[in-house]
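Below is one structure, written out as structure tokens; comments come after it.
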Amino acid sequence: MSVPGRPAVERFTNGQSIGIGSLPHLNADAAAAFSIGEFDIATIPTLPMRSPAEGMIAQAIAGLPGVSLGQYGSFAVDPVRLTGVTSIETDLTTDAFAGLRIFLDLARNVGVDGLPVKWQFVGPVTLGVALQRAGLRDTEAFTIAVDAVRHHVAQISAAVSNALPSSVQLLLLDEPWLVQLTTPDFPVPPDMAVDLISTGMAAVPADVAVGLHCCGSCDVATMLETGPQVISLPVSADLIDYAGYLGRFIKSGGVIVWGVLPTVGPLPAKPDRYWQQLSEVWCALVERGVDASELRRQSLVSPECGLAQHQVSTARRVSRLAREVGRKVNAQAISTKLAFGA
């Protein structure tokens, strides 16, 4: 099972749990231990509560000329200095990448090398919107955004490879602004957004699995047009309408990360409710022609979004509930293999 031009993704299947985006920790060492211990697949954290420099946009604008970071994640740009920018730096020794550095140090020491690793970075559409809102013209904002994303993800993937040379990587580009893509006043049309994301993905080395995350309800067909190997999105009955797209995606070797745990509102003590919600969506997809065994095998589970706005104890509870749902997925995937003699 593989996607042409990308590595096989057998290490990212069968209901394993991963983290999504940010964690609430103020201590990077504790966050690294959490990220390795609380998810089936070690997930490199970002820590915006520890430092605003680790915010999703802040990380991506680091190294751009004419950009200054303010308190609480705000930033300002000098359009004159940014216009026609040809030099982008990725300095992994800065505060913006402390979570990454500490994670890699711990991962080396505790034997993560050889195990799969997942990480995440803002996508060019979302970064372009942020730059456009900061005062850049549309064309400049999105041109700089895709260049910045391409440069940063290439450097980060190389750093992960250097630290963990035997580990398979999964990168998810985070594109929360895809939920607004089809609105009339969105600054770029859908076809341009697809090109931007595809161009960003193309900078990732061929030995890194690459995917796309959106933490809201968005057009799945557009997501798939970008050419991801993995897509990540919340569990929702809306996905049933995309059964044909999802069925073809997993048939071609794609993997779906199901956001099974909400990151807002109260949480029950057991995973039964979330397993039931996932099962209902899966049953409806199977009724519409999606292969049930492939659906179970080619799935990961996660919280819906990042956990930075929660207490550490709540983040731990969310991650463990997601992991329990993943155990149920894994049990069904194994039983399917046994039933068919795999």
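Exactly one residue among E304, E280, E287 is among the acidic types (D, E) and under 22 Å from the mean Cα position of the chain (by Cα), and that residue is E304. When we screen D207, D238, D174 for residues that are closer than 24 Å to Q16 by Cα, at pLDDT below 95 and not basic (K, R), the only hit is D207. All told, W275 meets the bar of being under 27 Å from L23 (Cα atoms), touching a Lys or Arg at 6+ places or on another chain (Cβ under 7 Å) and buried (at least 16 other Cβ atoms within 10 Å of the Cβ).
Matching residues to (1) over 22 Å from Q332 (Cβ atoms); (2) surrounded by fewer than 17 Cβ atoms within 10 Å (Cβ to Cβ); (3) of a type in the set (S, T, Y); (4) in contact (Cβ under 8 Å) with a residue 24 or more places away in the chain:
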residue	(1), (2), (3), (4)
A209	yes, no, no, yes
V220	yes, no, no, yes
I231	no, no, no, yes
L239	no, no, no, yes
A284	no, yes, no, yes
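Just one of the listed residues (D40, D29, D113, D91) is modelled with pLDDT of 95 or more, surrounded by fewer than 16 Cβ atoms within 10 Å (Cβ to Cβ) and not in a helix (DSSP H, G or I), namely D113. The numbered conditions (1) in contact (Cβ under 8 Å) with a residue 40 or more places away in the chain; (2) surrounded by 19 or more Cβ atoms within 10 Å (Cβ to Cβ) are all true for V194 except (1). The stretch 121-233 holds helices (runs of 4 or more DSSP H) entirely within its bounds, and those carrying 1 or more residues that are charged (D, E, K, R) and within 29 Å of G99 (Cα to Cα) map to 124-133, 138-163. For the list (1) part of a loop (DSSP other than H, G, I, E, B); (2) closer than 28 Å to H310 by Cα; (3) touching a helix residue (DSSP H, G or I) at 6+ places or on another chain (Cβ under 8 Å), I need the number of the one condition that M49 fails. M49 satisfies every listed condition except (3). Restricting the search to helices (runs of 4 or more DSSP H) fully inside the stretch 241-331 and requiring at least 1 residues that are closer than 30 Å to A32 by Cβ and modelled with pLDDT of 95 or more gives 272-287.
The values are calculated or read from the model by the stated rules, or taken from the named source; none is laboratory data. All values reported here derive from a predicted model rather than from experimental measurement. Note that each Cβ is placed from the backbone with ideal geometry, even for glycine, and that neighbours are counted across all protein chains shown.
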